[in-house]
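The values are calculated or read from the model by the stated rules, or taken from the named source; none is laboratory data. What you see is a predicted model, and the numbers here were worked out from it, not measured in a lab. Note that each Cβ is placed from the backbone with ideal geometry, even for glycine, and that neighbours are counted across all protein chains shown. Heavy atoms of the whole protein, side chains included, go into the accessibility calculation; ligands, DNA and RNA do not. Shrake-Rupley method; radii C 1.70, N 1.55, O 1.52, S 1.80 Å.
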Amino acid sequence: MNSIVVSKFGGTSMGSIQAMERSATISIERNSFLVVVSATSGTTDLLIQLAQNASAGNIELTEKNLYAIKERHEAMMKEISSTYEAREILKSHFTELELLVQNITLLKELTPKAHDHILSLGERMSSLLFKEVLQLKLPHKKIQLLDAREFIKTDSNFGKATPQIDIIALQCSKLEKNNIYVTQGFIGSDAEGNTTILGRGGSDYSAALFAEGLRASTLEIWTDVAGIATTDPRICKKAKIINEISYAEAGEMAQYGAKVLHPATIAPAVRQSIPVFVGSTFEKDLPGTWIRGSVNDRPAVRAITRRSNQALLTISNPSMFNAYGFMGKVFEIFGMNRISVDCVTTSEIAIAVTVDHATLENKNFLEDLKSIGSIEIETGLALISLIGNDLFARNSLAKTIFSSVETTSIRMMSFGASSYNFNFLVKDDVSQACIENLHQTLIEKVL
Ligand code: ASP
Ligand code: MG
């Protein structure tokens, strides 16, 4: 068989039995070999709350969360003519969850290992239900439910584990090409068999890793929006769906705040040159977006993204004047704390780096930085990124950008490392107006 389709359905596409049925119909129409699913919408958040309430010893809220999770999945199971076996597996998932919760409540301690294990139940329950729904639609075919933890092997960095792609490929090669499989996104396991997760929103990444391991011909990401838009439609009503975009542009977009895809999704697709489709289960016949290695249309500015809640960290050390090694030390601290560096600008004695606001909660990281210089923190910022093609070579682009944002001040700017993006930092409260202006001048007028 030479065409292997891997399809991933997100939380809203798993949100009810009707949503699952819609998703099942799509996976049949598209001839999916492997379907990767997220937890039903809101369940991962509920599981996080549950784990936190249990570790805080808050019995009442813990019970409430547990009840909500069980009730929701039980009701869905009752809505379909499910098999006895599936109902028993669902019960065993509930028992596993209760046991984990009891232990956490007793110890009043939530280890990262237990946290990942608890979160895995969301995808394990939704995939069990989805497999039943798909089986009912395809009675003559045997649908197999896979435990993704046997395939997505990772390191033991709980919370955001790193996958081991060679082992994943080896595991995927064992799948029987004439079957149809359903599995979980988001979860994996380490060498000792402990459950790990790939980070929030990680199901897209799981699907891409499976697609890579299977040497798939297409990876489909089915979500609740009709593709990747020129900017977030909630920011700017004139946003339009992009029909075709390159890996490089889509990767930059995901990295710089477009919510449609998890940022790590593109890399596995690039490694195996797998085209990626993004579409909506609610409007399945719309053209959606195709992400490929090369595309025909290469506009200067394809899209504008925003990352809100940014903080700017300025680390300075006057004794670094005419000295060397300062940047090395700063980056080492980012590396040791597993914090990725986004946008950077430097001067002789200072270096300014943008980070997500949440990073400021990492006190060790801030202490480490203080050991090498003084730090200044500015908050309430948004990083706006223009994503496009050959930006270095576009004459007068800078003039257009600056005149579109002339009513506000730019706190920092970064351009030059890649010809695909131009980033700048403004106050969060003016970012929407900035994007509307830029979208009008650089995208709407050009289209
Ligand atoms: N269920 C996980 C989350 O909500 C993974 C995903 O949906 O992609 O983060
Ligand atoms: Mg998602």
Among the listed pairs LYS363/LYS427; LYS70/LYS259; LYS113/LYS329; LYS8/LYS174; LYS64/LYS91, those beyond 22 Å (Cα-Cα) = LYS363/LYS427; LYS70/LYS259; LYS113/LYS329
task = Provide the gained length on full extension for the span LYS427 to GLN52, in nm with one decimal, where the gain is 0.36 nm per separating residue minus the Cα-Cα distance.
result = 131.7 nm
request  = First measure r as the distance between the Cβ atoms of ASP356 and LYS399, then evaluate 1/(1 + (r/R0)^6) with R0 = 25 Å and state the FRET efficiency to the nearest 0.05.
outcome  = 0.20
note = The local net charge around PHE282, scoring Lys/Arg +1 and Asp/Glu -1 for residues other than PHE282 whose Cβ lies under 14 Å from its Cβ, equals -2
message = For the full complex of protein chains and a 1.4 angstrom probe, list SER340, SER27 by accessible area with the highest value first.
response = SER340, SER27
ask   = Using alpha-carbon positions, what is the distance between the centroids of segment 372-446 and segment 165-186, in Å?
value = 42 Å
note = Residue-normalised value, i.e. accessible area per residue, for the chain at 1.4 Å probe, in Å², stands at 45 Å²
note = In nanometres, the difference between 0.36 nm per residue of separation and the alpha-carbon distance of ASN364 and LYS284 is 24.1 nm
ask   = Hey, any idea what % of segment 84-133's accessible area is carbon plus sulfur with a 1.4 Å probe?
value = 58 percent
ask   = Ordering ASP45, ASP204, ASP147, ASP429 by how much accessible area each has at a 1.4 Å probe, largest first, what is the list?
value = ASP429, ASP45, ASP147, ASP204
ask   = Leaving out ligands, DNA and RNA, what percent of the accessible area of segment 376-447 is carbon and sulfur, probe 1.4 Å?
value = 50 percent
task = Just order 115-125, 418-428 by mean Cβ neighbour count inside 10 Å, highest at the front, would you?
result = 115-125, 418-428
ask   = For LYS174 and ASN337, FRET efficiency with R0 = 45 Å and r from the beta-carbon atoms, rounded to 0.05?
value = 0.75
message = At a 10 angstrom cut-off on C-beta neighbours, averaged per residue, how do the peptides 67-77, 171-181 rank from highest to lowest?
response = 67-77, 171-181
task = Sort segment 23-175 into rounded, prolate or oblate with this rule: let a ≥ b ≥ c be the square roots of the eigenvalues of the Cα gyration tensor; rounded if a/c is under 1.5, and if a/c is not under 1.5, prolate when a/b is larger than b/c, oblate otherwise.
result = oblate
task = Quote the accessible area belonging to GLU192 in square angstrom, nearest 10, computed with a 1.4 Å probe and with ligands, DNA and RNA left uncounted.
result = 140 Å²
note = Descending packing, highest mean Cβ count within 10 Å first, for 317-330, 30-43 is 30-43, 317-330
ask   = Taking the Cα-to-Cβ direction at PHE392 and at ARG234 and moving 7 Å from each Cα, how far apart do the two end points lie in nm?
value = 3.6 nm
task = Report the full-extension gain for the segment GLU60 to ILE377: residue separation times 0.36 nm, less the Cα-Cα distance, to one decimal in nm.
result = 110.2 nm
query = What list of ³J(HN,Hα) couplings, whole Hz, do you get for segment 147-162 from phi and the Karplus terms 6.51, -1.76, 1.60, once you set θ to phi - 60° and write x for glycine and proline?
reply = 8, 4, 5, 7, 10, 7, 7, 9, 7, 9, 7, 4, x, 7, 6, 9
query = List the aspartates and glutamates whose alpha-carbon lies under 15 Å from that of LYS137, not counting same-chain residues fewer than 8 positions away?
reply = GLU21, GLU29, GLU79
ask   = Given the options ILE315, ILE245, ILE372, which has the most mean-square fluctuation in a GNM of the chain, springs set between C-alpha atoms less than 10 angstrom apart?
value = ILE372
